[in-house]
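Take a look at the structure set out below.
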Amino acid sequence: MTNTETKLPFMVSALVAVGAWLSCLIGILLMGWPSFLRAGVWILLLAVVWTYAAGRTRGVAGAFWTQAALAFSLCGKGMVIFGLVMLWHLSAGQAFWLVLGITLAGYPVFTQKIDRAVMSFASAMALLIWVFQARTVTWPWLESFSVLLFVGAYLLFFVPGEKVRPVAWGLLPACLAAFGLAWMGGNVATLPFNTLFLALCLCGVYAWRAGKDFNVWLAVLMVVLAYLTNVGTVMGGALLALAFSRNRLSLKIAGVAVFALSLVWLYYHMHTTLLVKSFYLWVAGIILLSVYAWQRRRGAYAR
């Protein structure tokens, strides 16, 4: 959209999106009834055409073609993947490579951020299913898998430009899904080195970004707090730190949600008395308020 054009009102954009998705889904259902694979290929070709049309038009028409391209792209990829898996009777590992190949092949063609993020999420979840079905990991090790995904997504947020940012947004819910599965299996902080590894990685990122302003005591405090809590609270705190440094509302919402849910889960699954739980919360509050006061004092001295 050029600078001389005004942005569409929210309700107009919402109505255009709903109309585009409904019309495209009805067309997809009619086309995909005889053969998922054949229809998926044609739908992907139409998605390429709609993507080109979206780039050439503006206003309501441009918004309609953008949503149509997104609907056709995601549904077409899903139908192709499902059709090939059913046709060739692919295993979980082979399905992962198929999803990853389609994601990489379509990344430069379909440039919408939501499309790239959804396909990145699908690739990560296919990998998770493959690893879990291989019986090479147990429930606690899924937490390690989620930590590796989170570290990868966190580092991608620091890559300049917007090309790889959708990959980071796709990996975040995948790592949280793996973390949730680990907890559903009864794993609550059963692998303490996961929190330490995540804290050390975040300390490395902090040292890399801070440069000469790196504070050793703050890094030590991060490691201590990570050891006393769990992986989820560390992830939420890291997202909040990144959100406030970048002033991104979406990251703030994700960080608050992950941090709050993980803290509530940790509180209700501590096998101890209410008095000890209250002591933990009291100590955590004092530490956080002390860090906040120290930061304000340091900022006042800097000014």
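The values are calculated or read from the model by the stated rules, or taken from the named source; none is laboratory data. In this text the structure is predicted, and so the values were computed from the model without any measurement. Note that we place each Cβ from the backbone using ideal geometry, even for glycine, and neighbour counts take in every protein chain shown. When the accessible area is computed, the model is the full protein with side chains, heavy atoms only, and any ligands, DNA or RNA have been set aside. Shrake-Rupley method; radii C 1.70, N 1.55, O 1.52, S 1.80 Å.
Here is how the numbers come out for the structure above:
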{"item": "The stretch 214-271: radius of gyration and largest Cα-Cα distance (Dmax), Å", "result": "12.3, 38"}
{"item": "Sorted peptide list for 117-123, 16-22, criterion being average Cβ within 10 angstrom, highest first", "result": "117-123, 16-22"}
{"item": "Per residue solvent-accessible surface (Å²) - the chain, probe of 1.4 Å", "result": "59 Å²"}
{"item": "Hz values of 3J(HN,Hα) by residue in the stretch 252-259 - Karplus curve (6.51, -1.76, 1.60), Gly and Pro given as x", "result": "5, 5, 5, x, 5, 5, 5, 5"}
{"item": "Largest-first ellipsoid semi-axes for the chain, taking √(5λ) over the Cα gyration tensor eigenvalues, angstrom", "result": "41, 26, 17"}
{"item": "3J(HN,Hα) from dihedral phi, the stretch 172-179, Karplus parametrisation 6.51/-1.76/1.60, rounded to Hz, x for glycine, proline", "result": "4, x, 5, 5, 5, 5, 5, 5"}
{"item": "Residue 97-residue 26 FRET efficiency (beta carbon distance; Förster radius 30 Å; 0.05 resolution)", "result": "0.40"}
{"item": "With every protein chain in place, the chain: carbon and sulfur % of accessible area (1.4 Å)", "result": "74 percent"}
{"item": "Summed residue charge, Cβ within 13 Å of residue 84's Cβ, Lys/Arg positive, Asp/Glu negative", "result": "+2"}
{"item": "Partner lysines for residue 163 [C-alpha distance under 24 Å; skip if fewer than 8 residues away on the same chain]", "result": "7, 77, 113, 252"}
